[in-house]
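The values are calculated or read from the model by the stated rules, or taken from the named source; none is laboratory data. Computed from a prediction, not measured in an experiment: that's the story for all the values here. Backbone-built Cβ (ideal geometry, glycine too); neighbour counts: all protein chains shown. For the accessible areas, the whole protein counts, side chains as well, though only heavy atoms, and no ligand, DNA or RNA atoms are used. Shrake-Rupley method; radii C 1.70, N 1.55, O 1.52, S 1.80 Å.
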Amino acid sequence: MSEAYKRSHVLGMDYGTSFFKYGPISLGETPELMENRGYFPDKDAIMTRIMGEGREVVVGKDIPMYLEAREDLPSRLVYPFRNGVIEKNDNRAWQVVEEVSRVAFRDFTPKEEGFAGFYVVASLSAVAPRYMYEKLFDIYRKIDSEDHTVAAATIIPQPLAVAISHKVPTSVVVESGHGNTQITPISRYPVRTAIIALNRGGGDANSITAEILKDSGYGDLAKEETVVRQVKEQIGLVPRNLDTAVRFGRENPDKLAVTINIPGTRLRITLDENAWLRFLIGEYVFNPNHEMFQSYFARGMPKPGDVKVGDAFFLGMVDMGEAIVQSIEKCPVELQPYLYKQIILSGGNFEWRVPQGLENTCVNSVDKIKTMLNEKGLPDVGIMMANSPKYSVWRGCIVYGYAVPEGFNWSWDKMEGWMRFR
Amino acid sequence: MSVSRRILQRVEKWFSKDGLKPLNYDGESGELVFSNGSERVLVKILFEDEADKDTLFYALTSVFAEASKYSMVYIAAPTRIRRENVDTAPFMKAGIGLILYDEYEVYEEVPAESRVKRVSSRQGRQPVEVQLLEKSLIRIDSSIRELSERVDSLEKAYFSLLREVREIKSLVEKKMIVAEKTVQQPPVKLEESVETGSLPSFLKDNPWVEILSKRSEESS
């Protein structure tokens, strides 16, 4: 296949924790996206019978049409990438991965004559073990054997894709999604030995938000994940310094008091006297070690523990500044100053806003990390937020597929190149 | 379509089963002549508004006078004429056939005698019962053919509906997202993009393009 053909037939697929972003290079700046989840319907349900025979798993916008009893959801609704890593034998999760991948091919396979398959660039978590690569290649092999839609495929770590889309060859990418946070130094290649993963992400911010809702008299709402997430996004604040912020909040409750409506419902949630609790949500993402969180742990809120998922270790309680320092210090000393100068924060878990009038007390993620690193004796650091964090991984995939030569075959040693199935 | 036109069509269809095609129609007298090349059949049609017992027998008298010119002669009347207790014996005696029609079908009440046969082979003439049986067989055969055609067309309609249902199902599978999608631009060939300078912003001046394009060299 020619280089020109490859360049015009790159298809990016970003298997994010919450969303699957996909589409060919011809889409331009933004990909298609769908929730990265699958629903295993009850085969006796009426909707299943109406919508077609034998659909084992439903993905995309069809899911709401199949949803049944609420108590069934946890067992039937599968988010395969919630932790970035899928267990080897988690067949349901892999079924969802296959189905969402098929949607990408189904949506974009052109009818043009001479179409000989896409050059697929997929992106997985930096801590994805080798068997995940093998499984994903198997899925593409299967799809190609049925539809002839994959000319070749490759898989790259998500942080590398972020660095590529930001045009920065030397950097540290801190990717924080729903389930975890990965810190990946990159110097033309990902420095795999220096990757640090934290067992904390947006889901943990949801947990503390749920506790705050309970404490404020909204215990019934605390069970609904979607409501909790919306509340977190609307009321969560990142304090410059937690102690100072809490003191300020207690003295000036009117400045932090908030009433929010859940869109499309009659639900109204009000925090007034205890509105200072809003600071705990943001702080928890960056540093869960403050003594204020101890009372929540004592009351049963799960404490992020050190876990091993697949072959990867995820640290639970290390604060984010410390984790970045640990990761960079695993790289050659000469490289470290360059890495500190280009720290890219990516992922929905870094999207915190600073309300007007609270600029002295609240900060955004960039300033929070800068403050944390300054406190660790690093005054001269360069931190930036990823542009369009939702799409940056997909964009990196597209650049990767566009640039890597067609003749560069996959190597399991380097974990790079094009894997071919024909 | 007018009522009279529909009745004419029904009658034409009924005779077409015997290979007879309409040759001439006199709207004033309501007389329709069929032919299959060798035989000619006269049918006098009594329409709904004029048909009663009296007009029926008047029609019988009028066609009887002309009967010798045709192989067979029929009178077509609406089915409701049965309610008037019409005596069909004069029809049988005269060898004039009587057919009745309604909204959907045409029925043969009294078969007409074939005058051709009477003239050409009086001696070898078959009994009326045998003639009737032959005619019935022909009708059954033609009915079977018609049913078979109907089954064929129903089958075609079924398969076409099945195809449509499958297409709709596959559209549904492609979810409502398709409807929500903004009109998707046709894929732009990248070469065209390069020429027009419309590369996506993240590809323009990206140092990684050069770094990655040398990957195979670094590897070897």
Qualifying residue in segment B:179-188 (condition: modelled with pLDDT of 80 or more and surrounded by 10 or more Cβ atoms within 10 Å (Cβ to Cβ)): no
Some residue of segment A:157-167 being open to solvent by 40 Å² or more (accessible area, probe 1.4 Å) and out of contact with any helix residue (DSSP H, G or I) (no Cβ under 7 Å at 6 or more places or on another chain): no
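Matching residues to (1) loosely packed, with under 15 Cβ neighbours inside 10 Å; (2) under 21 Å from A:Leu221 (Cβ atoms):
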position: A:Val246; (1), (2): no, no
position: A:Leu256; (1), (2): no, yes
position: A:Asn261; (1), (2): yes, yes
position: A:Arg266; (1), (2): yes, yes
position: A:Ile269; (1), (2): no, yes
position: A:Arg278; (1), (2): no, yes
position: A:Gly282; (1), (2): no, yes
position: A:Phe286; (1), (2): no, no
position: A:Glu291; (1), (2): yes, no
Selection within segment A:180-216 - open to solvent by 10 Å² or more (accessible area, probe 1.4 Å) and assigned to a loop (DSSP other than H, G, I, E, B): A:Arg188, A:Val191, A:Ile195, A:Asn199, A:Ser216
Hey, A:Gly382 touching a residue at least 40 places away in the same chain (Cβ under 8 Å) and within 20 Å of A:Gln182 (Cβ to Cβ) or not: yes
Members of segment A:122-139 found to be in contact with a Phe, Trp or Tyr (Cβ under 7 Å, 6 or more places away or on another chain) and not charged (D, E, K, R), listed by number: A:Ala122, A:Ser123, A:Leu124
Unique residue being part of a helix (DSSP H, G or I), modelled with pLDDT of 90 or more and under 28 Å from A:Phe313 (Cβ atoms) when the list is A:Val173, A:Val121, A:Val103, A:Val96: A:Val96
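Results for (1) more than 23 Å from B:Val209 (Cβ to Cβ); (2) more than 14 Å from chain B (Cβ to nearest Cβ); (3) modelled with pLDDT of 90 or more, shown as yes or no for each residue.
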{"position": "A:Leu339", "(1), (2), (3)": "no, yes, yes"}
{"position": "A:Gln342", "(1), (2), (3)": "no, no, yes"}
{"position": "A:Thr361", "(1), (2), (3)": "yes, yes, yes"}
{"position": "A:Asn364", "(1), (2), (3)": "yes, yes, yes"}
{"position": "A:Lys368", "(1), (2), (3)": "yes, yes, yes"}
{"position": "A:Thr371", "(1), (2), (3)": "yes, yes, yes"}
{"position": "A:Asn374", "(1), (2), (3)": "yes, yes, yes"}
{"position": "A:Pro405", "(1), (2), (3)": "no, no, yes"}
Qualifying residue in segment B:144-167 (condition: at pLDDT 75 or above and either in contact with a strand residue (DSSP E or B) (Cβ under 9 Å, 6 or more places away or on another chain) or not in a helix (DSSP H, G or I) (or both)): no
